[in-house]
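These notes concern the structure reproduced below.
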Amino acid sequence: MTALPAPRIPSPVDAPALRWGIMGPGRIADVLARSLCEHTRQRLSAVASRSEERGAEFARRHGIPRVHASYEALAADPDIDVIYIATPNPLHARCALLAIEAGKHVVVEKPFAMDGPEAERVAEAAARRGVFAMEAMWPRFLPAMDVVRQVLADGLIGEPRALVADLGEYFPPDPQGRLFDPALGGGALYDLGVYLVSFASFVLGGPDRVLASGSFTDTGVDAQSSIVLRGPGGRQAHLFTTLEGPTGTAATITGTAGVLRLASPFYLPGSVELIGHPDVAGASRSAEARFPQARPDEGLCFEAAEAARCIASGAIGTPLMPLAETVDIAHTMDRIRNELVKDSMSI
Ligand SMILES: NC(=O)c1ccc[n+]([C@@H]2O[C@H](COP(=O)([O-])OP(=O)(O)OC[C@H]3O[C@@H](n4cnc5c(N)ncnc54)[C@H](OP(=O)(O)O)[C@@H]3O)[C@@H](O)[C@H]2O)c1
């Protein structure tokens, strides 16, 4: 083998231009807005903030013509096609339902909802209203992930048997901060772990058994967790996430015919390397695809472009991040949290 499959993801700049509204102009909304302005033809048409001043400042920074003083007003804006929801985790479902009931398509930041039942309610509302809904699980939409998708689908590493991946960052403890405050949906699992759980679902499918052990911060959110997701036939994902320090953030997928390595950070890999298991004569094969080491603001445009293509074509979901899978992942997250709580009570 000399080459891996080429990515099939169209250039974000070619996606049909839609009119976007932004709900919750915080840190990640800023990154998305920059990404859209620099790499797509999408139009940032309106922003809604709880604070007129913050909304106006965000609008000025990104050249957005309309500022709404409430999320309700943005949902009711007739000149918007799709709303990007970038509020703290516990508000995702409420904001998504507001937009959906007003007939707007939605792209909802990760985690899509706080738990499985909440994710189901949003998915059902979108289906009932006939609008597009997608979790902004941005690694799914990157060209590098499409190489992984094809390697797995084409059986180039045989049957995937195991995934080992980690995602840790250092966040200085701040009891009032979004990441440490339970009321704002803090914790490593919601913020970082969801990328791992989603990637495990992408590689191995959903688990039939969930094991987890972890520790909690003084504020009561999960600080770090080791997670094992066991799938049919003994497949295993071995995941680690933490708020307490940076980790290697690489990922290795082991299959019956070879191994696929995603260079750090695995969710934005600079390279994807396939190393075949040696054959009976001891020969092995390898191939590598390299990608420009993109920054997040260069990567977020891919999710928006996919949403725009799907919405323009009349689709209410994307096959790259199916809503049913998002709901399943939310249920898996519930099971992990239950395990973490049981584990903490056993200490
Ligand atoms: N895709 C990624 O790489 C990525 C990275 C980081 C975060 N995220 C996700 O994006 C979401 C937002 O994260 P962020 O880091 O951008 O947060 P952030 O900077 O705190 O921004 C959140 C925004 O939500 C609005 N908001 C509404 N109710 C709020 C409340 N009760 N408390 C605080 N803010 C409230 C605020 O805007 P107004 O008050 O102006 O309305 C605020 O600017 C989270 O769900 C997170 O998981 C995704």
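Per-structure values
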| item | result |
| --- | --- |
| Candidate residues R54, R290, R285: accessible-area rank, largest first, probe 1.4 Å | R290, R54, R285 |
| Accessible area in the full protein assembly, largest first, 1.4 Å probe, for F240, F202, F266 | F240, F202, F266 |
| Label-point gap, in nm, between E52 and A73 - each point 7 angstrom along Cα→Cβ | 0.8 |
| In nm, spacing of pseudo-spin labels at R128 and A6 (7 Å Cα→C-beta vector) | 4.6 |
| Euclidean distance of C-alpha centroids, segment 99-131 and segment 224-275, integer Å | 29 |
| Hypothetical label at D30: residues of segment 269-301 whose amide nitrogen lies under 14 Å (7 Å Cα-Cβ projection) | 297 |
| Translational diffusion coefficient (Stokes-Einstein; Kirkwood radius from C-alpha pairs) of segment 12-139 at 37 °C, 0.692 mPa s, in µm²/s | 228 |
| Gain upon complete extension [Q176, S313; 0.36 nm per residue less C-alpha separation] | 45.0 nm |
| Protein accessible area in the chain, 1.4 Å probe - carbon and sulfur % | 54 |
| Mean-position separation - Cα centroids, segment 152-170 and segment 318-347, in angstrom | 18 |
| The chain: mean projected area of Cα convex hull, nm² | 17.7 |
| Spin-label zone in segment 235-252 - amide nitrogen under 18 Å from a point set 7 Å from the Cα of L211 along the C-beta vector | 235-241 |
| Solvent-accessible area per residue for the chain (1.4 angstrom probe, square angstrom) | 41 |
| Theoretical gain in end-to-end length, V259 to E288 [0.36 nm per residue, Cα-Cα removed] | 9.3 nm |
| Inter-probe distance in nm under a simple model that places probes 7 Å from Cα toward Cβ, at N338 and R161 | 3.0 |
| Accessible heavy-atom area order of E109, E52, highest first, probe of 1.4 Å | E52, E109 |
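The values are calculated or read from the model by the stated rules, or taken from the named source; none is laboratory data. For clarity, every value in this text was computed on a predicted model and none was experimentally measured. When we count neighbours, we look across all protein chains shown, and the Cβ atoms used for this are built from the backbone with ideal geometry, even at glycine. For accessibility, only protein heavy atoms count, side chains too; no ligands or nucleic acids. Shrake-Rupley method; radii C 1.70, N 1.55, O 1.52, S 1.80 Å.
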